[in-house]
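Notes follow once the structure below has been shown.
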Amino acid sequence: MKRGNQRKFGRDRKVRTAMYKSLATALIDHGQIKTTQAKAKSLSQVVEKLITLAKKENLNARRELLGHIGEKAVKKLISEIVKSNTDRKGGYTSIIRLGQRQSDGAEMALIRFTSGVPESKTLSPKS
């Protein structure tokens, strides 16, 4: 990402970093999450970098990942998601538009992994 070319969401850096951490952890735990379209687009960039880092599978990469997401999510990322994406060079996530939210009209989206999460754990796009 270019310098200064980042969505800020009306938050300062620490709060924005915490938001990315919680969204990325939820995405790794559940396989897909429903959020606003802007957050989904930003989260996609963050998660793709985390997966690329996890593909290195060394101690330094694991420690870097622990700085960005929780320990449980790091284990699942390395054991399940990276193992099924070893041949891919990118495009680990997909974003599906869901329309506007009823309360405030925000554009909603479903972000999920393109592969690597068993189908039984994922929810249908309508939920």
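FYI, it's all coordinate maths here, none of it is from the lab. Computed from a prediction, not measured in an experiment: that's the story for all the values here. Glycine gets a Cβ as well: all are built from the backbone with ideal geometry, and neighbour counts include every protein chain shown.
What to note about this one:
- Correct option for mean projected area of the Cα convex hull in nm² [calculated from the coordinates] among (i) 8.4; (ii) 13.4; (iii) 7.8: (i)
- Base-10 log of normalised Debye intensity for the range 15-69 (one unit scatterer per alpha-carbon) at q = 0.31 Å⁻¹: -1.33
- Whole-number percent relative contact order across the range 31-94, with pairs defined as alpha carbons under 8 Å at least 6 apart: 40 percent
- Sparsely packed loop sites in the range 46-89 (the trypsin sites (Lys or Arg not before Pro) outside DSSP H, G, I, E and B with at most 11 other Cβ atoms within 10 Å) comprise Lys89.
- Here the gap between Lys56 and Lys8, fully extended at 0.36 nm per residue and compared with their Cα-Cα distance, gives a gain of 14.3 nm.
- Backbone phi angles across the range 16-24, fed through the Karplus curve with coefficients 6.51, -1.76 and 1.60 (θ = phi - 60°), yield HN-Hα couplings of 5, 5, 5, 5, 4, 4, 5, 5, 5 Hz in residue order; Gly and Pro are listed as x.
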